[in-house]
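Working notes, beginning with the structure itself.
Please treat every number below as a calculation from the coordinates, not as lab data. Computed from a prediction, not measured in an experiment: that's the story for all the values here. Neighbour counts are summed over all protein chains in view; Cβ atoms, including those assigned to glycine, are modelled from backbone coordinates with ideal geometry.
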Amino acid sequence: MIATVLSVLAIGFLLLLAGMVILPACFGSPWHPLKPETIQEIVEFAEIQPGEKIYDLGSGDGQVLIAAARKYKAVGVGLEIDPFKVWISRKLIRLAGVADRVTILRKNFFDFGSRDADVIYLYLTHQALDRLFPKILKYLKPSTRIVSYRFCLRNMQPCKTNRKQNLFMYRLDKGREINNYS
Ligand SMILES: C[S@@+](CC[C@H](N)C(=O)[O-])C[C@H]1O[C@@H](n2cnc3c(N)ncnc32)[C@H](O)[C@@H]1O
């Protein structure tokens with residue numbers, strides 16, 4: 001009996017580990033929860049206007065989309081590969097009272113193909129960004145703002161960075177030269 005319970009717990013733990021660590025690490029980027037002040041800084045930096053549509057590619061616990069919907073009445077869509085984070089973020093979205101504005105799709109962001117993004121928010125590794133860009137650009141409107149946290153887009157020139165130089169904004173209608181950030 002005890003052996004069965006322990007086996008079930010071990011299998012559950014391995015499935016959770018696979019979902020939270022192994023799957024994201026293999027497909028794109030691992031997860032690091034953000035501090036509340038960082039989330040606020042990201043949504044302010046993105047200059048979100050009420051009703052704008054923001055996509056978070058690799059949406060984790062959904063906190064950036066929740067903050068954007070609460071503070072700026074944005075419409076949020078998250079793409080997340082890990083079923084556990086999809087489940088938890090949907091719960092958090094309901095708890096925050098923004099379920100009418102924020103949707104989480106259990107989806108690989110390399111299959112992103114929506115054409116209605118006003119803002120694309122990214123907190124991914126250089127390897128994942130290099131796979132996404134420039135392919136993703138063909139789906140984006142010229143007015144789309146791309147906001148990347150911690151990792152710059154290596155072949156594009158940001159139109160804005162924050163003081164700490166860990167937030168980068170790109171506009172498709174502005175320069176696409178090589179930049180000097182690492
Ligand atoms: C560094 S976290 C960022 C989470 C969230 N965007 C934030 O800023 O707090 C990266 C997220 O991307 C997810 N992820 C990794 N590869 C992915 C893929 N190919 N498709 C969808 N989500 C992916 C991970 O599970 C993880 O939640």
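Brief remarks on what is shown
- Net length available on complete extension from Arg70 to Thr38 is 10.0 nm, with 0.36 nm assigned per residue and the Cα-Cα distance removed.
- Relative packing of 129-139, 81-91, which averages over residues the other C-beta atoms within 10 Å, highest first: 81-91, 129-139
- Entry note: the range 69-167 has Rg to Rh equal to 0.97, where both radii use alpha-carbon atoms and Rh is the Kirkwood radius.
- Packing here is the average count of other Cβ atoms within 10 Å per residue, and on that basis the peptides 101-107, 111-117, highest first, run 101-107, 111-117.
- By the rule of a C-alpha distance below 25 Å, with chain neighbours fewer than 8 residues away ignored, the lysines paired with Lys138 are Lys53, Lys107, Lys160, Lys174.
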